[in-house]
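This report refers to the structure that appears directly beneath it.
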Amino acid sequence: MSSERVSIHGQWSSRLAFVLAATGSAVGLGNIWKFPYITGENGGGAFVLVYLACIAVIGIPIMMAEVMLGRRGRQSPINTMRTLAAEEHASKHWQWLGWAGVIAGFLILSYYSVIAGWALSYVFRTGSGLFTGLTADGVQTIFTNLTGDPERLLAWHTLFMVMTMIVVAQGVRNGLEKAVKWLMPMLFVLLFIMVGYAWNSGSFEQGLNFLFQPDFEKITANGILIAMGHAFFTLSLGMGAIMVYGSYLPAGASIARTSILVSLMDTAVALLAGMAIFPIVFANGLEPGSGPGLIFQTLPIAFGHMQYGAFFGMLFFVLLVFAAWSSSISLIEPAVAWLVENRGMTRGSASIIAGVVTWLVGLLTVLSFNLWSEVKLLSYFAIFRDSTPFDLLDYLTANIMLPLGGLLIAIFAARKMSRASSVDELGMGDRFFYPVWRFLVRYITPIAVIIVFLKAIGIIDWLVSWYDRLV
Ligand code: PHE
């Protein structure tokens, strides 16, 4: 019965369109901006390994679960959860999962847009040849001048939010679906060019060793939580973005193959970005752990020294902006779909309302890099000693809200939903692959998420020491 349900918002034109849109959502600042800098802050290889393991055993199964729920419910995540809960005789409180996702989406987009604004401004900086011949110091000064100026950050943040609202207002199929088809492959090509440049930078080996040689001494419980949180973040999981995209997926498209494909492409982009950036970091004596400015302080050095650097640099940041753009629309789509369904709004007004709210929250991030850079709200806790409001927003959403959302999605998909419903919706039979998926989502994923949470809070260490004292 539910396979006949149709979404009032329309449908992707084909499975390929869904793959492109989901890849557009997944590939974004998370891969190119965030992955390198958190890898740098958490010591490299071991962190990357934990991240890859999380993608495989947590990310892919949850992506399948999320797409499955979306396609079965065919509405915004809030209404999908309400409908499915009723259908599966589960508590109506499951709709709160949809609400939590909407809130996570607002919070993430609020800072995402500010960082995308940096990328936008770098389109013009690189294009004008500003970086030509500059050393690491000069490049760094340009970056700190940008982030230190709240008015400039505000202007770029505003521009990016307007771009997002315009596309969201048009609906899922117009515009971006077509653009992504060209831009994603171009981004790949450009990353290869950058890796090629890094190869000749003199420190390629050192960069690769940093990325791929695990040194488990360097990873902490909090680092493991960050790696897991990033697996959710980079695949757009745990807040309903992939669920709402799944709700536009034509019946009959293979959810398993699609999810694996999207995850592989996403991972490839992140690893390529790391391979392009770390050699430059080491060749120029920079600090891998220098934080959110990492790509803005490394790649321009390369663009400033390579042939046609202004052109490649501009192209690179244009593509980064597009990657961010196609992710940002998925971050407010759950809210917009709900406003259209339940408040009877047009997509235009729904986008404006959701966009303005996000824009306002974004001011917290704009100020975190300058006027409020010394505001440390949770400095009482050691791990948040240096955290600005932006750092806290990022930590709360990526490392807590998304994994928690993913945990609940796993519980609903594999424990509340009947076996018959999930077999029907996943459409891969009941034999080999289905039981593997079900086992992962029933046991492995929830247990892994819970253990990582308990370990990060310190409860596991406390229990171990308590046990040691006992025996
Ligand atoms: N996956 C996107 C990125 O890596 C960010 C994102 C997170 C998008 C959550 C949607 C939902 O940039």
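Extending 7 Å from the Cα toward the beta-carbon at both Q170 and L264 defines two label points whose distance is 3.0 nm.
I need the calculated FRET efficiency for the pair T346 and V6, taking r as the beta carbon distance and R₀ as 25 Å, to the nearest 0.05.
Numbers: r = 20 Å, r/R0 = 0.78.
Using R0 = 25 Å, I get an efficiency of 0.80.
On the stretch 207-315, 63 percent of the accessible area sits on carbon and sulfur atoms, based on a 1.4 Å probe. For the chain, the residue among T132, S326, P292 whose Cα projects farthest onto the positive side of the dipole built from Cβ charges is S326. Listed values for the stretch 339-352 are Karplus-derived 3J(HN,Hα) couplings in whole Hz (6.51 cos²θ - 1.76 cosθ + 1.60, θ = phi - 60°), namely 4, 5, 5, 9, 10, x, 7, 7, 4, x, 5, 4, 5, 5, and x replaces Gly and Pro. Scoring 13-23, 200-210, 95-105, 112-122 by mean Cβ neighbours within 10 Å over their residues and listing the highest first yields 112-122, 95-105, 13-23, 200-210.
For the chain, the dipole from Cβ point charges (+1 on Lys and Arg, -1 on Asp and Glu) about the Cα centre works out to 1300 debye, to the nearest 20. In the chain, the DSSP-assigned H stretches of four residues or longer account for a calculated mean residue ellipticity at 222 nm of -22500 deg cm²/dmol, using -39500 (n - 2.57) per stretch and the full residue count as denominator.
Just the number, please: carbon plus sulfur as a percent of the accessible area of the stretch 342-404, 1.4 Å probe, no ligands or DNA/RNA counted.
On the way: 2280 of 3260 Å².
Reported share for carbon and sulfur atoms: 70 percent.
Within the same chain, aspartates and glutamates fewer than 8 places from K376 are excluded, and of the rest, those with a Cα less than 20 Å from its Cα are E41, D149, D386, D391, D394. Residue by residue, the stretch 201-213 carries 3J(HN,Hα) couplings of 6, x, 10, 4, 5, 4, x, 5, 4, 4, 6, 10, 9 Hz when phi is fed to the Karplus relation 6.51 cos²θ - 1.76 cosθ + 1.60 (θ = phi - 60°); x denotes Gly or Pro.
Multiplying the residue separation of F433 and H305 by 0.36 nm and removing their Cα-Cα distance gives an extension gain of 41.1 nm.
For each pair in K92/K455; K34/K218; K34/K455, compute the distance between the two Cα atoms and list the pairs where it is over 25 Å. Don't skip to the end; give the middle numbers.
On the way: K92/K455 31 Å; K34/K218 19 Å; K34/K455 23 Å.
Pairs exceeding 25 Å: K92/K455.
Projecting the Cα atoms of V180, W156, Y122 onto the dipole axis of the stretch 97-181, where Lys and Arg carry +1 and Asp and Glu carry -1 at the beta carbon, places V180 farthest toward the positive end. The order of the peptides 333-343, 459-469 by mean Cβ neighbours within 10 Å, most packed first, is 333-343, 459-469.
Counting only C-alpha contacts under 8 Å and six or more residues apart, can you give the relative contact order of the chain as a whole percent?
The value is 33 percent.
Computed from Cα atoms, the angle from the helix 221-234 axis to the main principal axis of the chain rounds to 70 degrees.
As a rough guide to protection, the peptides 386-395, 41-50 ranked by mean Cβ packing within 10 Å, highest first, stand as 41-50, 386-395. Can you pull the one-decimal nm distance between simple spin-label points at L360 and F192, each 7 Å off the Cα toward Cβ? Modelled inter-label distance: 4.7 nm. So how tilted is helix 294-305 from the main axis of the chain? Cα-based, degrees 0 to 90, rounded to 10. On a 0 to 90 degree scale, this one is about 50.
Phi angles of the stretch 249-265 translate, via the Karplus equation with coefficients 6.51, -1.76, 1.60 and θ = phi - 60°, into HN-Hα couplings of 7, x, 4, x, 6, 6, 6, 5, 4, 4, 5, 5, 4, 4, 5, 5, 5 Hz per residue; Gly and Pro are given as x. Over the chain, accessible surface divided per residue gives 40 Å², non-protein components excluded, 1.4 Å probe.
Considering only T39, A90, W359, and ranking their Cα positions along the charge dipole of the chain that arises from unit charges at the beta-carbon of Lys, Arg, Asp and Glu, the one farthest toward the positive end is A90.
The values are calculated or read from the model by the stated rules, or taken from the named source; none is laboratory data. Given the structure is predicted, the values throughout are model-derived calculations rather than measurements. Reconstructed Cβ throughout: ideal geometry from the backbone, glycine too, with neighbour counts over all protein chains shown. Ligands, DNA and RNA are stripped out before the accessible areas are found, and what is left, the full protein with its side chains, is counted by its heavy atoms. Shrake-Rupley method; radii C 1.70, N 1.55, O 1.52, S 1.80 Å.
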